[in-house]
Amino acid sequence: MSEVNVLEMARSQLAMAAKHLDLDPGLHAVLAQPKRQVVVNFPVVMDNGTVECYQGYRVQHNTSRGPTKGGLRYHPDVDLDEATALAMWMTWKCAVVNIPYGGAKGGVKVNTKSLSKRELEKLTRRFISEINIVVGERSDIPAPDIGTNQQVMAWIMDTLSMQAGYTVPGVVTGKPIELGGSEGRIEATGRGVVVCANEACKVLGMDFSSCEIVVQGFGNVGSVAAELAEEAGAKVIAVSDATGGIYNKGGLPIRELYERYSGVEGGIRNYKDCDPISNSELLELPCDILMPNAIQGQITGENAARIQTKLVVEGANGPTTPDADQILSDKGIMVVPDILANAGGVVTSYFEWVQDLQNYFWEETEVNKRLERIMAGAFEAVYSTMKKHKTDMRTAAMIIAVDRVAHATTVRGIFP
Ligand code: NAD
C-alpha cells in the first residue's frame with residue numbers, strides 16, 4: 001500500500017459514511033482535512049560527534065470532541081500523508097468507542113536500528129521539544145506506535161516535565177506503570193479483540209468457547225488475544241509471526257508458546273508438536289474466527305476468495321483491503337473492523353490519562369471491567385447501525401464515528 005493511497009483510502013471511507021449520513025458538503029470538506037500539521041527538521045549530535053538532521057511530524061485531525069490522541073511512529077517510511085491518514089483514523093476510532101478525543105499521529109523518519117540507545121534518547125528529547133508547541137496533557141497526548149515503546153514515552157514525559165518545571169504524567173500514555181502508566185494497558189488491545197470476537201459470536205449464533213481460531217501475528221496484540229481466547233475455552237489452531245506459522249488442528253498451547261519461544265531465535269517455529277505453515281497458508285485455513293493481528297494488507301483481492309472463516313476480527317490496522325472487503329461480504333463473512341476491534345488500546349490509554357489527571361490509580365480488575373463494558377457497548381452500537389443502514393460492520397462503524405464528530409462540530413459552531 002503506498003503512502004498516498006493510505007490517505008486516499010481514509011478519504012474514500014469518509015466519503016462513504018458521508019453519503020449514508022447525507023452529510024453537509026461543507027462539513028465533509030472540514031472532516032476530510034487535518035486541523036493542524038506540524039513539520040519539523042531538527043539536528044541530533046551522534047555518538048561519533050557528527051550532526052544528523054531528521055524530519056518529524058505531528059498531525060492533529062479534529063478537536064471537536066476533545067484533545068487529540070495518537071501514536072508516535074519512528075520508521076523510515078513515515079511521512080506527512082501517512083501521519084495525516086492515521087490521524088484521521090484515530091479520530092474515528094476514538095469516536096466509535098465514544099471516548100472524548102480527536103485523532104492525531106506523528107513520528108520521525110528514521111531507522112531506529114541505526115541508532116544507539118543514547119542517540120535514540122537524544123532524538124526523542126529534541127523531537128518532542130520541537131513539537132511541544134502543539135502537544136500537552138490538555139491539547140494533544142502522544143502514545144507509542146511502531147518503533148517507539150514505554151522507554152520512549154518515559155523520555156517524552158521527562159522532557160516535557162523538565163520544561164514545565166513539574167511532573168506532567170498526563171502528557172503521554174503507554175508509560176511504564178511506575179511513571180503513571182495504567183494497569184492492563186499492555187494487554188488492552190488483545191483483550192478488546194477478544195471482547196469483539198465474543199460479541200460477534202453471540203449475534204452470529206456461535207459459541208465463542210467452542211470456536212477454532214487462527215491468529216496471525218504473535219506480538220503484543222496477537223499473543224494476548226490468543227491467550228485470552230484459550231482461557232475462554234476456545235481452541236487456537238494456528239498462530240504465526242513474521243517468520244511463518246504453526247498449525248495443530250487439536251489446538252496449540254498458547255501460554256507455553258509465549259513463555260518458551262517468544263523473543264527466542266526461530267520463535268514459535270521451534271515448537272515441535274505442530275505442522276509448519278506459511279503466513280499465506282495460515283490465512284486460508286478453515287476456522288470459525290480469523291484474527292489478523294500482525295500488519296496491514298494481508299487479506300486482499302488476491303486471497304479473499306480462498307478465506308474459509310465465519311468471522312474476521314481485525315486486531316491489526318488495515319489488514320483487509322477494500323476489494324477484499326467486498327469479496328468477504330459477498331461470501332457472508334462478518335468483518336469486525338480495526339477501528340472497533342483494536343480500539344481497546346486507546347480506551348485504556350484514555351483510562352491512563354484520566355488516572356494521571358486525578359493522581360488516583362485503579363486496580364487491574366477495575367481497568368479490565370471498564371474496558372470490556374466500553375468495547376461490548378461499542379460493538380452493540382455498530383451492529384445495530386449495520387442492521388439499520390443495511391450495510392457492513394466497517395461502514396457502520398464509520399457512520400457512527402463520522403456522525404458523532406460531525407454532530408460535535410455542528411453543536412460547537414464554527415468560530416467566530
Ligand atoms: P508487535 O510488533 O508486538 O507484533 C507484530 C507481530 O506481527 C509479530 O509477531 C511479528 O513477527 C508479526 N509480523 C510482522 N510482520 C509480519 C508478516 N509479514 N506476516 C505475519 N506476521 C508478521 O505489534 P503489535 O503491537 O502486536 O501490533 C500488531 C498490529 O496491531 C499492528 O497493525 C498495530 O498497528 C495494531 N495495533 C496495535 C495496538 C497496540 O496497542 N499494540 C493498538 C492498535 C492497533
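The values are calculated or read from the model by the stated rules, or taken from the named source; none is laboratory data. If you're wondering where the values come from, they're calculated on a predicted model, not measured in any experiment. Virtual Cβ from ideal backbone geometry, glycine too; neighbours counted across all protein chains shown.
Could you please find all residues in the stretch 36-85 being buried (at least 18 other Cβ atoms within 10 Å of the Cβ) and basic (Lys, Arg)?
Arg58, Arg65, Lys69, Arg73
Looking at the stretch 390-416, which of its residues are farther than 19 Å from His61 by Cβ and within 26 Å of the chain's Cα centre (by Cα)?
The answer is Thr391, Asp392, Met393, Thr395, Ala396.
Hey, can you tell me all the residues within the stretch 329-348 that are surrounded by fewer than 22 Cβ atoms within 10 Å (Cβ to Cβ), part of a helix (DSSP H, G or I) and either of a type outside the set (Gly, Ala, Ser) or touching a helix residue (DSSP H, G or I) at 6+ places or on another chain (Cβ under 8 Å) (or both)?
Residue satisfying the conditions is Asp330 alone.
Name the single residue that is surrounded by the most Cβ atoms within 10 Å (Cβ to Cβ) among those in the stretch 349-365 being part of a helix (DSSP H, G or I) and without any contact (Cβ under 8 Å) to a residue 40 or more places away in the chain.
Filtering first and then ranking leaves Val354.
Does Glu231 satisfy the criteria of being within 16 Å of the ligand (Cβ to nearest atom) and not aliphatic (A, V, I, L, M)?
no
List every residue pair whose Cβ atoms sit under 9 Å apart, with the two residues 6 or more apart in sequence or on different chains, where the first one lies in the stretch 131-148 and is within 23 Å of Pro43 (Cβ to Cβ) and the second, anywhere, is within 16 Å of the ligand (Cβ to nearest atom) and among the hydroxyl-bearing types (Ser, Thr, Tyr).
Here the result reads Pro142/Thr148; Pro142/Thr173; Gly147/Tyr74; Gly147/Thr112; Thr148/Tyr74; Thr148/Thr112, each pair linking the stretch 131-148 to a residue that is within 16 Å of the ligand (Cβ to nearest atom) and among the hydroxyl-bearing types (Ser, Thr, Tyr).
Out of Gly332, Gly344, which single residue is among the small types (Gly, Ala, Ser) and within 13 Å of the ligand (Cβ to nearest atom)?
So the residue among Gly332, Gly344 that is among the small types (Gly, Ala, Ser) and within 13 Å of the ligand (Cβ to nearest atom) is Gly344.
Give me the pairs, please: first residue somewhere in the stretch 208-232 and assigned by TED's automatic domain parsing to the domain that holds Cys287 and on the phi > 0 side of the Ramachandran plot, second residue anywhere and near the ligand (Cβ under 8 Å from one of its atoms) and of a type in the set (S, T, N, Q), beta-carbon distance under 8 Å, and either six or more positions apart or on two chains.
Sorted first by the residue in the stretch 208-232, then by its partner, the pairs are Gly217/Ser240; Gly217/Asn293.
Has the stretch 48-58 got any residue that is within 28 Å of Gly192 (Cα to Cα) and either within 18 Å of the chain's Cα centre (by Cα) or acidic (Asp, Glu) (or both)?
yes
Restricting the search to the stretch 306-316, which residues are surrounded by fewer than 20 Cβ atoms within 10 Å (Cβ to Cβ) and either outside the structural domain of Asn198 (by TED's automatic domain parsing) or not charged (D, E, K, R) (or both)?
Within the stretch 306-316, Gln308 is the sole residue that qualifies.
Which of the residues spanning the stretch 260-305 are outside any loop (DSSP other than H, G, I, E, B), crowded, with 23+ Cβ neighbours inside 10 Å and within 14 Å of the ligand (Cβ to nearest atom)?
Once the filter is applied, which keeps residues that are outside any loop (DSSP other than H, G, I, E, B), crowded, with 23+ Cβ neighbours inside 10 Å and within 14 Å of the ligand (Cβ to nearest atom), the stretch 260-305 yields Ile268, Leu282, Leu283, Leu290, Met291, Pro292, Ile299.
Of the numbered conditions (1) under 21 Å from the mean Cα position of the chain (by Cα); (2) part of a strand (DSSP E or B), Arg11 fails exactly one; give the number of that condition.
So the condition that Arg11 fails would be (2).
Assess whether Leu311 counts as being modelled with pLDDT of 95 or more and within 13 Å of the ligand (Cβ to nearest atom).
Considered against the rule, which asks whether it is modelled with pLDDT of 95 or more and within 13 Å of the ligand (Cβ to nearest atom), Leu311 comes out as no.
As an exercise: evaluate Phe208 against (1) within 25 Å of the chain's Cα centre (by Cα); (2) among the aromatic types (Phe, Trp, Tyr); (3) farther than 30 Å from Tyr383 by Cβ and give the number of the one condition it does not meet.
Exception for Phe208: condition (3).
When you check Ala226 against the structure, is it under 22 Å from the mean Cα position of the chain (by Cα) and either more than 16 Å from the ligand (Cβ to nearest atom) or outside any loop (DSSP other than H, G, I, E, B) (or both), yes or no?
For Ala226, the condition - under 22 Å from the mean Cα position of the chain (by Cα) and either more than 16 Å from the ligand (Cβ to nearest atom) or outside any loop (DSSP other than H, G, I, E, B) (or both) - is met.
Identify the residue in the stretch 146-198 that is β-branched (Val, Ile, Thr), farther than 17 Å from Gln358 by Cβ and over 16 Å from the mean Cα position of the chain (by Cα) and, among all such residues, is nearest to the ligand (Cβ to nearest atom).
Result: Val152.
Evaluate the following for Val354: is it within 21 Å of Pro142 (Cβ to Cβ), β-branched (Val, Ile, Thr) and either over 19 Å from the mean Cα position of the chain (by Cα) or modelled with pLDDT under 95 (or both)?
yes
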